[in-house]
Amino acid sequence: MSKALVSFEGSIKDAEDLLAHFDAMPKPPPANAEVLKRAGLVMALTAWETYVEDRVREEVSRRLHIVNGSYVGKFVAARLEDELKRFHNPTSEKTKKLFHDYLEVDVVASWEWANYDSVKAKKTLDELIAKRGDAVHRSKPLSGGAPPAPHLVKREELEKAIRFLKSLAESTDNALIEE
């Protein structure tokens, strides 16, 4: 297990804790409790983004240990850090490109586990990334007298997203361990 995966497991706990806080609220929960589910989705996907960044750093460092400190080692490390500064919203394509460019590994091809194949995993990740964007940039719209809009993140969706991201990180880690 990589250090990045260990860190991810600690980070994803924040999303699980937010879900637990939501579950502990009196039923029905107050209207403002919806923010906990949105925040949980943001935290879960932030844990994924950090995992991807940490994992590629960790593996590049491991593979370049022989040239560490040399011109080539410094160049690759600097390029990677520049790339990671611009690495936001880690969609399946961005993640695939990052791992392929720096490690020549197609991690996306290994995204397979119970009820998921690579195609479904890519689609699910991309949908979650898009939903995170909505959760971050669009709070619940005011209804203006109309019936309230449905919550952006349903409780079951957050729980499923957390499970999905845990499996995705494990699958990614396994692809690099097998490499």
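In table form, for the structure just shown:
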{"quantity": "Filtered residue count, the range 49-64, keeping only those that are at pLDDT below 95 and polar (S, T, N, Q)", "calculated": "1"}
{"quantity": "Qualifying positions in the range 117-141 - over 30 Å from Arg63 (Cα atoms), surrounded by 15 or more Cβ atoms within 10 Å (Cβ to Cβ) and at pLDDT 95 or above", "calculated": "Thr124, Leu128"}
{"quantity": "Single unsatisfied condition, Leu5 versus (1) closer than 18 Å to Leu176 by Cβ; (2) in contact with a Leu (Cβ under 7 Å, 6 or more places away or on another chain)", "calculated": "(2)"}
{"quantity": "Selection status of Val105, open to solvent by less than 40 Å² (accessible area, probe 1.4 Å) and either over 26 Å from Arg38 (Cα atoms) or assigned to a helix (DSSP H, G or I) (or both)", "calculated": "yes"}
{"quantity": "The range 10-30, subset without any contact (Cβ under 8 Å) to a residue 24 or more places away in the chain and in contact with a helix residue (DSSP H, G or I) (Cβ under 8 Å, 6 or more places away or on another chain), residue surrounded by the fewest Cβ atoms within 10 Å (Cβ to Cβ)", "calculated": "Met25"}
{"quantity": "Inter-residue pairs, beta-carbon under 9 Å, first closer than 13 Å to Glu16 by Cα and in the range 154-179, second aromatic (Phe, Trp, Tyr) and open to solvent by 10 Å² or more (accessible area, probe 1.4 Å), 6+ apart", "calculated": "Arg155/Phe22; Leu158/Phe22; Phe164/Tyr116"}
{"quantity": "Ala33 surrounded by 13 or more Cβ atoms within 10 Å (Cβ to Cβ) and part of a helix (DSSP H, G or I)", "calculated": "yes"}
{"quantity": "Leading residue by the ranking (nearest to Asp126 (Cα to Cα)) among those in the range 70-95 that are open to solvent by 60 Å² or more (accessible area, probe 1.4 Å) and not in a helix (DSSP H, G or I)", "calculated": "Asn89"}
{"quantity": "Some residue of the range 82-91 being farther than 27 Å from Ala15 by Cα and either among the acidic types (Asp, Glu) or more than 18 Å from the chain's Cα centre (by Cα) (or both)", "calculated": "yes"}
{"quantity": "Count of residues meeting criterion [in contact (Cβ under 8 Å) with a residue 40 or more places away in the chain and touching a Gly at 6+ places or on another chain (Cβ under 9 Å)] in the range 47-92", "calculated": "2"}
{"quantity": "Test for Val67: is it among the hydrophobic types (A, V, I, L, M, F, W, C) and within 17 Å of the chain's Cα centre (by Cα)", "calculated": "no"}
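The values are calculated or read from the model by the stated rules, or taken from the named source; none is laboratory data. Treat the numbers as computed from the prediction; the structure is a model and nothing was measured. Please note: Cβ atoms are built from the backbone with ideal geometry, for glycine as well, and neighbour counts cover all protein chains shown. Only protein heavy atoms, including side chains, enter the accessible area calculation; ligands, DNA and RNA are left aside. Shrake-Rupley method; radii C 1.70, N 1.55, O 1.52, S 1.80 Å.
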